[in-house]
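These notes are about the structure you will find just below.
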Number of protein chains: 2
Amino acid sequence: MSEPRQPAAKLIYERLETMIAEGHFKDGERLDETMLAQEFGVSRTPLREALRQLTANGLTETFPNRGTFVRRPDFVRIVEMFEVMAEMEAWCARLAATRATAAQLLLLRHAASRCEAALQENDSRAYYAHNETFHRLIYEASGNGFLAEETSAMQGRLKAFRQAQLFVPDRLARSMQEHRMILKALEAQDAPAVERLVRDHVRIQSTTYQEFRAPDDLAEGAAWFDKAASRKASTV
Amino acid sequence: MSEPRQPAAKLIYERLETMIAEGHFKDGERLDETMLAQEFGVSRTPLREALRQLTANGLTETFPNRGTFVRRPDFVRIVEMFEVMAEMEAWCARLAATRATAAQLLLLRHAASRCEAALQENDSRAYYAHNETFHRLIYEASGNGFLAEETSAMQGRLKAFRQAQLFVPDRLARSMQEHRMILKALEAQDAPAVERLVRDHVRIQSTTYQEFRAPDDLAEGAAWFDKAASRKASTV
DNA sequence: TTTTTACGGATTGTGTACAAGTTTTTTGAG
DNA sequence: CTCAAAAAACTTGTACACAATCCGTAAAAA
């Protein structure tokens, strides 16, 4: 019943992802393979894989023979990310409104009731997990397999940046209320309503993140633009 | 003036990507690291990096300690991919209609005239390159940096599957005409028109691909679904 | 003084060997 | 003959060593 042992590379990827999301690195900071390998107690091989994965997801930038550098998202970028996420999910939801099968609606209701139960018990972790299922079911109900995969991948990429909003007061209760409305609109096959509801439901996450981290990032935002400008000049 | 030598891993990635797009592998076929390393004349280290990159882009699937398996897209998936691409580009374009700066419009006109020149000389390669610039400029004009990057990345991922449509007769001339209309609508800041024009402009690429490869893929499509079903059963 | 070039140190890219895990074959009992 | 368990063969995951490349510094030339 225990999980099959995960490769070290994946674990390291997740740790680095969290560290970047939580701001443990400065923007533009170089991630030294040798040093990090020592810190994590592994060789450079799995660590390099993790770095490449980070770059694939846009969290770092890699220059051949020069190394990989963190791209710490400022608050503008965070908003942009959730904006894109909201649009993708809204598109999924609009398609799902007319394409979802009875079985898929059943699964959605089930996931929603699981969220409800978690809310009753005030179990943030459980709510978070079932919330993820609820959203993923909508992606799949869109009927476009590729879109569903891409949206799911995007959700995974933003997960690290969404952790903070768990602790925003009353967010869970409000989220649940939004889920109820989304489900209702889906059952009514009201595509425009579903699209709007889901877009707002996802978008709000960026505003909570902003509230949570803005003071920090506003200060660092200016430095970021300077660095980005000089970096651009040196690489072009 | 010569290009800085590319790492072997990147070159191998591109070759494998093309091979998958061109159908050199069966769907579900395992990509043997040792064997491929021998064929490409490199060690397993850079080859593994290429495989991981393929998986990150959804062209293959990797199971820990079991290997990576190709996910050859059937024609349904191809259509889905261009559908998503069309929607992303359309969104960029709609935003660009109201947000593009004068400088960005100038660059767009420049890229369009480059396309025009390439068309006059019947230089498909050049047209293809300037076409890419034209589209990328629209992404950037959206004003959402993250969206621009993601759309650009998606374009890169679909590039391998778009090669075929270069050879569809009159496609270049029609594409150019579409560019002209898009540019005109952008200058007029007519967001709804731009959105619609770009969506159709991108969408049509999937239909040409479909015409080009459908006979093949229709036959293999059935086998694909069978395999996918059995694979699902074995991994769950 | 300013620019160019050569060198030294450090870091990434790749090859190879071994460890860990998976699949297939073999072997034995029922 | 069938099925289960064990072992052999094979494949991926990781460690480590060396090669290729880049960066900074300092010396030399303009």
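A few notes on this one:
- Remark: the residue A:170-residue A:32 segment gains 45.6 nm on full extension, using 0.36 nm per residue and subtracting the alpha carbon distance.
- Backbone phi angles across the stretch A:121-131, fed through the Karplus curve with coefficients 6.51, -1.76 and 1.60 (θ = phi - 60°), yield HN-Hα couplings of 7, 6, 9, 4, 4, 5, 4, 4, 5, 6, 4 Hz in residue order; Gly and Pro are listed as x.
- Whole-percent carbon and sulfur share, accessible surface of the stretch B:68-146, 1.4 Å: 55
- Using a 1.4 Å probe over protein heavy atoms, the accessible area lost on pairing A with B, summed over both chains, comes to approximately 2300 Å².
- Annotation for the stretch A:74-171: GluC sites (Glu not before Pro) lying in DSSP loop with at most 12 further Cβ atoms inside 10 Å of their Cβ are A:121.
- Members of the stretch A:52-85 that become less accessible by 50 Å² or more once partner protein chains are added (1.4 angstrom probe, chain alone as reference): A:52, A:77, A:80, A:84
- Among the listed pairs B:10/B:159; A:10/B:10; A:26/A:159; A:159/A:184, a Cα-Cα separation exceeding 23 Å is found for A:159/A:184.
- Accessible surface area normalised per residue over the stretch B:1-72 is 59 Å², counting heavy atoms of protein chains with a 1.4 Å rolling probe.
- Entry comment: accessible area of the stretch B:75-214 is 43 Å² per residue, from protein heavy atoms only and a probe of 1.4 Å.
- Among chain A residues, the one whose Cβ is nearest the axis of the rotation from A to B, given with its distance rounded to whole Å, is A:56, 2.
- Per principal axis, descending, Cα span of the stretch B:1-72 in whole Å: 42, 24, 21
- Positions from the stretch A:136-156 whose accessible area shrinks by 30 Å² or more when the full protein complex is built, not the chain alone, probe 1.4 Å: A:144, A:146, A:149, A:150
- Pseudo-label separations to other copies for residue B:163 - Cα-to-Cβ vector, 7 Å, nm: 4.2
- Other copies of residue A:196: label-to-label distances in nm, shortest first, labels 7 Å along the beta-carbon direction: 2.2
The values are calculated or read from the model by the stated rules, or taken from the named source; none is laboratory data. The shown structure was predicted, so the numbers you read here are calculated from the model rather than taken from an experiment. A quick note on method: Cβ atoms are made from the backbone with ideal geometry, for glycine too, and the neighbour counts reach across all protein chains shown. Each accessible area value is taken on the protein alone, full model and side chains, heavy atoms only, with ligands, DNA and RNA left out. Shrake-Rupley method; radii C 1.70, N 1.55, O 1.52, S 1.80 Å.
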